[in-house]
Amino acid sequence: GTNWITELYDRNNYIIRRSTNLSYASHILAANVDMAALIVTINHPKTSTTFIDRFLSTCEAYRVPVTIVIGKADMLTGEYEAEAEEFEAIYGDAGYDIIRLSSTTGEGVEEIRALLRDKKTLVAGNSGVGKSTLVQAVEPGLDIRTGEISQSHNKGKHTTTFSTMYPLSEGGFIIDTPGIKGFGLIDIEEAELAHYFPEMMRFLPECRFYNCSHT
């Protein structure tokens with residue numbers, strides 16, 4: 001009745017952030033993943049671009065491909081539709097694939113299901129953006145608790161408290177993570193940061209400054 005760890009394998013990659021727990025320097029969200037799905041919302045709650053850029057640059061640094069998923073697409077009306085289009089223009093031009101998702105209307109569900117097939121995918125984002133809802137939409141048989149948005153602060157309430165990896169019936173695995181309020185960079189030097197922005201890498205070879213940081 002006892003299980004033993006008999007061998008440790010090297011990590012191919014991982015997604016890491018500066019830990020909010022002062023007793024640890026860093027917190028690895030997941031290792032050996034094929035891709036990450038970053039769930040963002042334009043409103044209710046609004047995902048900050050600072051959080052998005054930090055997550056994306058970390059994935060670039062550790063060679064993890066990312067697809068950006070705009071959650072709650074059914075709520076993108078009026079001014080929020082215009083914000084979504086601007087968001088798609090900015091990050092799409094940077095080189096990222098973007099999918100709109102609505103678990104209410106079903107928009108994007110089949111596209112994401114096909115994307116995740118036979119891959120090990122980390123799903124990440126702030127609390128309340130719909131990570132667990134996405135997992136349930138892709139794999140309806142899973143029993144995952146989802147929560148409501150705080151009306152007073154327009155932020156999500158934690159319902160997932162630790163990372164869990166679920167097998168997908170069509171092949172692959174999906175890793176549901178706790179909501180991340182902040183994403184601090186770690187082990188990335190200031191001089192190398194520009195190398196982790198795809199839109200910067202297009203122009204770096206043409207810059208007369210060999211160590212350009214686009215300051």
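The values are calculated or read from the model by the stated rules, or taken from the named source; none is laboratory data. Note that the structure is a prediction, hence the values are computed from the model and not measured. All Cβ positions, glycine included, derive from the backbone under ideal geometry; neighbour counts span all protein chains shown. We work out accessible area using only protein heavy atoms, side chains counted, and drop any ligands, DNA or RNA first. Shrake-Rupley method; radii C 1.70, N 1.55, O 1.52, S 1.80 Å.
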### Message
Would you confirm, using the coordinates I've provided, whether Ala94 is open to solvent by less than 80 Å² (accessible area, probe 1.4 Å), touching a residue at least 40 places away in the same chain (Cβ under 8 Å) and under 26 Å from Glu199 (Cβ atoms)?
### Response
yes
### Summary
For strands (runs of 3 or more DSSP E) lying entirely in segment 30-146, having 1 or more residues that are under 19 Å from Ser163 (Cβ atoms) picks out 35-40, 66-70, 120-124
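Identify, please: which residue in segment 1-29 is β-branched (Val, Ile, Thr) and assigned to a loop (DSSP other than H, G, I, E, B) and is, among those, modelled with the lowest pLDDT?
Thr20
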### Out of Arg63, Arg54, Arg11, Arg18, sole residue that is open to solvent by 70 Å² or more (accessible area, probe 1.4 Å) and either on the phi > 0 side of the Ramachandran plot or among the aromatic types (Phe, Trp, Tyr) (or both)
Arg63
### Task
Those residues that are open to solvent by 20 Å² or more (accessible area, probe 1.4 Å) and either more than 14 Å from the chain's Cα centre (by Cα) or aliphatic (A, V, I, L, M) (or both), I need them from segment 110-126; list them, please.
Glu110, Glu111, Arg113, Ala114, Leu115, Arg117, Asp118, Lys119
### Task
Please name all residue pairs, on different chains or six or more residues apart, with Cβ atoms under 7 Å, provided the first residue is in segment 185-213 and is under 11 Å from Ala61 (Cα atoms) and the second residue is among the β-branched types (Val, Ile, Thr).
Leu185/Thr58; Ile186/Ile16
### Query
In segment 68-84, which residues are open to solvent by 20 Å² or more (accessible area, probe 1.4 Å) and either over 17 Å from Thr47 (Cβ atoms) or over 19 Å from the mean Cα position of the chain (by Cα) (or both)?
Asp74, Met75, Thr77, Gly78, Glu79, Tyr80, Glu81, Ala82, Glu83
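Yes/no per residue for (1) exposed (fewer than 12 other Cβ atoms within 10 Å of the Cβ); (2) modelled with pLDDT of 85 or more; (3) among the hydrophobic types (A, V, I, L, M, F, W, C):
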{"site": "Gly171", "(1), (2), (3)": "yes, yes, no"}
{"site": "Ile174", "(1), (2), (3)": "no, yes, yes"}
{"site": "Thr177", "(1), (2), (3)": "no, no, no"}
{"site": "Phe183", "(1), (2), (3)": "no, no, yes"}
{"site": "Ile186", "(1), (2), (3)": "no, no, yes"}
{"site": "Ala191", "(1), (2), (3)": "yes, no, yes"}
{"site": "Leu204", "(1), (2), (3)": "no, no, yes"}
{"site": "Cys212", "(1), (2), (3)": "no, no, yes"}
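In segment 102-114, what residues are free of Cβ contacts under 8 Å to residues at least 60 places away in the same chain and of a type outside the set (Asp, Glu)?
Listed by number, the residues that qualify are Ser102, Ser103, Thr104, Thr105, Gly106, Gly108, Val109, Arg113, Ala114.
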#### Entry: Selection count where residues are under 14 Å from Thr104 (Cα atoms) and either open to solvent by 80 Å² or more (accessible area, probe 1.4 Å) or modelled with pLDDT under 50 (or both), scope segment 127-145
1
